[in-house]
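**Student:** Got a structure for you, questions after.
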Amino acid sequence: MSEDFKNTSGWLRVQWTNPRDIFTILLIIGGDIVRVAVAQVCAGPVPYLTPVTFSFGWISYAVSAMLSAMGDTRLMPNPELDCLLINAKTGYARANKSWILSRMLRDFDYWYPRLVDSEESAKTTVLQRASTGKQRIRIGLRVSVWHCTKAVDRGHGDVVYWIGLLVATLQLALAAIPWGLYGEWLTFMVTAVGTILAFVSGSLPQWTEEKYGVRNLTERKDVILTQGNGAHDALLILGPGNGLDLEAMAAPYRQVKCLATTRVSSILLATLWIALLICVAGWQQRTWYLLGIGILGLIHNVFAAGKKRQPSAFGIHLIYRETIVEEKVMHTLWRLEEGYPGAGKALLDTFFPGKLRKREDSLWAFAEKRCQACKGKSSAERGKWGSVPPFRSPNGLNDYIDDIPIEGAYGEVTNDCAGESNRKKTCSDDSSALG
């Protein structure tokens, strides 16, 4: 047994001095990391330059990409976060299938200004002081409002994008050491070829086509991004009037234009990656250099795949406007509707799919007519409507509706008079108008 132990110790010493066979095993694991890293970095500021470094996992990714190209023809990964995109005017909601929009909402805690938390904290303090009980006040929903100044199919360069070029340079420098010291050039050749194949794999036009690939808007479209009922955050994005259609981007599937090129390229790239694997399969000289290069690339790819980014890195440039927050979700929606007609109503079915109380039903009927009357009007003209009725009734009764106006500033009836026998006003009573 002592002799066996000595043999084992010697084998371990040799293996850690000059690892064997492990590199070929590592090359075929971690394909999912590579795929997400490419999705993050592709369609950056430099056309067709996707600086995702050579690392473990590229062989596995290349084979799976070839399979996808021949099957479902998809390169982009699936969204990482289930969420909804809602048209703020029509209220039409769709399950988001865009990886970009999913990432934006996932990373929201990273890129939103701290002012959002400050406004929520200030509101909580006010509500806590006004509360007669000792129960802690919790905010149900906060809606942050953003103005989209630009939505394009080219991301803004950030550290996640540019650091790939630096890491690739470091890998080549490390690979040149055994060539310079010992005349061993295989490590440099494998690294250089792997880097070229990695950059070419990420430069396929279908990446950009899948990531964006939607029409440009000719008029403003406002959308809301949220995880749905029970979510703490909802993002109202006021469209710029041109640029990418975010609602179309969230659609389940878009026919891409470059399938034939992708299929041929994927087969060729997978073949070249396998050929590269064969080149290093039996290599046993100074393997720590290759392992170090692979580990360096793996660290970069993990960083690129997981790093939280600003929306501008995906080509969506947002400017913060305000945060609307109340203790109750319904009250938050009503305040949102007051400032942005149609937006609160658009979220109503998502957060309150059931039957509403009588007062709530009348208030939202008023809000819908108000929204229709305000379409195409300036903020000054919308101001003629004055303040919307308070959500809480003056006498605290859930069925009290006498304080809800019947007619708006443009003479459009907001509620049908038929069946409203409990009202003390009529549709012809000018004193009920908001103007």
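**Student:** Restricting to region 59-94, what's the tally of residues that are more than 30 Å from residue 201 (Cα to Cα), part of a loop (DSSP other than H, G, I, E, B) and not aliphatic (A, V, I, L, M)?
**Tutor:** 4
**Student:** Against the condition aromatic (Phe, Trp, Tyr) and within 19 Å of residue 245 (Cα to Cα), how does residue 92 come out, does it pass?
**Tutor:** Judged against the criteria, residue 92 is a match.
**Student:** Here's a follow-up. Go through the residues of region 311-329 one by one and say whether even a single one is surrounded by fewer than 14 Cβ atoms within 10 Å (Cβ to Cβ), closer than 28 Å to residue 150 by Cα, modelled with pLDDT of 95 or more and small (Gly, Ala, Ser).
**Tutor:** Within region 311-329, not a single residue is surrounded by fewer than 14 Cβ atoms within 10 Å (Cβ to Cβ), closer than 28 Å to residue 150 by Cα, modelled with pLDDT of 95 or more and small (Gly, Ala, Ser).
**Student:** How do the pairs read when you match residues in region 52-71 that are more than 29 Å from residue 159 (Cβ to Cβ) with residues anywhere that are crowded, with 23+ Cβ neighbours inside 10 Å and β-branched (Val, Ile, Thr), using Cβ under 6 Å and keeping only pairs 6 or more apart or on different chains?
**Tutor:** Partner pairs satisfying both residue conditions: 69/262.
**Student:** Here is a follow-up. Pairs only if they're at least six apart or on different chains, beta carbon under 6 angstrom, first in region 158-187 and among the hydroxyl-bearing types (Ser, Thr, Tyr), second in a helix (DSSP H, G or I) and crowded, with 19+ Cβ neighbours inside 10 Å; list them, first residue then second.
**Tutor:** Matching pairs, first to second residue: 161/41; 187/175; 187/178; 187/289; 187/290.
**Student:** Applying the selection to region 74-113, what residues are small (Gly, Ala, Ser) and touching a residue at least 60 places away in the same chain (Cβ under 8 Å)?
**Tutor:** Scanning region 74-113 gives 88, 91, 93, 95, 98.
**Student:** Within region 167-191, which residues are under 15 Å from residue 294 (Cα atoms) and of a type outside the set (Val, Ile, Thr)?
**Tutor:** 168, 170, 171, 172, 173, 174, 175, 176, 186, 188, 189
**Student:** Another question about this same structure. Just checking, how many residues over region 64-117 are among the basic types (Lys, Arg) and buried (at least 20 other Cβ atoms within 10 Å of the Cβ)?
**Tutor:** 1
**Student:** Are any residues in region 118-164 crowded, with 18+ Cβ neighbours inside 10 Å and under 12 Å from residue 324 (Cα atoms), and if so, which ones?
**Tutor:** Of everything in region 118-164, those that are crowded, with 18+ Cβ neighbours inside 10 Å and under 12 Å from residue 324 (Cα atoms) turn out to be 123, 141, 142, 143, 144, 145, 146.
**Student:** Select from region 343-358 the residues that are at pLDDT below 95 and outside any helix (DSSP H, G or I) and write down the one among them that is surrounded by the fewest Cβ atoms within 10 Å (Cβ to Cβ).
**Tutor:** 354
**Student:** In region 199-253, which residues are assigned to a loop (DSSP other than H, G, I, E, B), hydroxyl-bearing (Ser, Thr, Tyr) and either touching a strand residue (DSSP E or B) at 6+ places or on another chain (Cβ under 9 Å) or surrounded by fewer than 16 Cβ atoms within 10 Å (Cβ to Cβ) (or both)?
**Tutor:** Listed by number, the residues that qualify are 212, 218, 253.
**Student:** Sort out which residues of region 141-189 are assigned to a helix (DSSP H, G or I) and either closer than 30 Å to residue 238 by Cβ or of a type in the set (S, T, N, Q) (or both), and write them in order of number.
**Tutor:** 159, 160, 161, 169, 171, 187 - these are the residues of region 141-189 that are assigned to a helix (DSSP H, G or I) and either closer than 30 Å to residue 238 by Cβ or of a type in the set (S, T, N, Q) (or both).
The values are calculated or read from the model by the stated rules, or taken from the named source; none is laboratory data. Keep in mind it's a predicted model, so treat the numbers as computed, not measured. Using ideal geometry, Cβ is built from the backbone for each residue, glycine included, and neighbour counts are taken over all protein chains shown.
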